[in-house]
């Protein structure tokens, strides 16, 4: 299978303690365990579902760039989308309804455009993953607390309730992984244990797509 993972810094493998990239990020772990498959890593730090970050280039807007990535990497068997964490930042001044549900509606509209697959023999299947929960210790990290606050924390806590209906509307799969929580260092990014847990769960889930 050719599987594209489209996400943010947690897909990229950002190590909050060093600012570098985890060697054993979940996508790399999957590739090691699935040597006959192709895992395409398409994680970008700061990527949102549908918002233009006023402090970064507009390429952070996931809805605006997903078509480009799909066209770049066809043919594909499966596209796994894990986004939503950055949409909970305070400076977007929004909530779960508009950032998650409405945003994912826009993103999937762009992703499922048949023009993205005109050079492929088939349309890939899509799987949307709910992003990891924030760690309660996020309040101890001034940067995370300032960027997200209690409202951002709560938005991510309830994001599955917003993402699932829109996935049903577009007839794409949705999963909320079990007990996946960010590391305690900044409360936002996965630690190595979190990456290992995601990889283990995805190994089982991906078998259903063969």
Could you state the principal axis extents of the C-alpha atoms in the range 1-115, from the largest down, to the nearest angstrom? 43, 41, 23
Only bridges whose two residues both fall in the chain count here: according to DSSP, what percent of them are antiparallel, nearest 5? 5 percent
So for the range 109-210, Kirkwood radius off the Cα pairs, Stokes-Einstein at 37 °C and 0.692 mPa s: how many µm² s⁻¹? 210 µm²/s
Hey, could you pull the Cα Rg and Dmax for the range 26-85, both in Å? 13.1, 41
Packing-based exposure ordering (other Cβ within 10 Å, fewest first) of 12, 170: 170, 12
Grab the DSSP H runs of the chain that are 4 residues or longer, score each as -39,500 (n - 2.57), total them, divide by all residues and round the 222 nm result to the nearest 500 deg cm²/dmol. -11000 deg cm²/dmol
Given springs between every Cα pair under 10 Å in a Gaussian network model of the chain, which of 133, 175, 32 has the largest fluctuation? 32
Distance in Å, no decimals, from the C-alpha centre of the range 134-149 to the one of the range 1-38 is 24 Å
For the range 1-48, what Kirkwood radius comes out of the mean inverse Cα-Cα distance, in Å? 11.0 Å
How far is helix 62-73 tilted, in degrees, relative to the longest principal axis of the Cα atoms in the chain, given as a value from 0 to 90 rounded to the nearest 10? 40 degrees
Here Rg/Rh (Cα, Kirkwood) for the chain equals 0.94
I need the peptides 134-141, 103-110 ranked by packing, meaning the mean over residues of other C-beta atoms within 10 angstrom, with the highest value on top. 103-110, 134-141
Helix 142-157 versus the longest principal axis of the chain: what is the Cα-based angle in degrees, 0 to 90, to the nearest 10? 60 degrees
Could you state the angle between the C-alpha long axis of helix 159-170 and the longest principal axis of the C-alpha atoms of the chain, as a value from 0 to 90 degrees rounded to the nearest 10? 20 degrees
Listing 114, 161, 4 by rising number of other beta-carbon atoms within 10 angstrom, fewest first, gives 114, 161, 4
Neighbour-count ranking for 34, 155, 68 (other C-beta within 10 angstrom, fewest to most) reads 68, 34, 155
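Read the figures in this text as sums done on the coordinates, not as results from a lab. As the structure is a computational prediction, the values presented were derived from the model and not from experiment. As a convention, Cβ positions derive from the backbone with ideal geometry for all residues, glycine included, and neighbour counts pool all protein chains shown.
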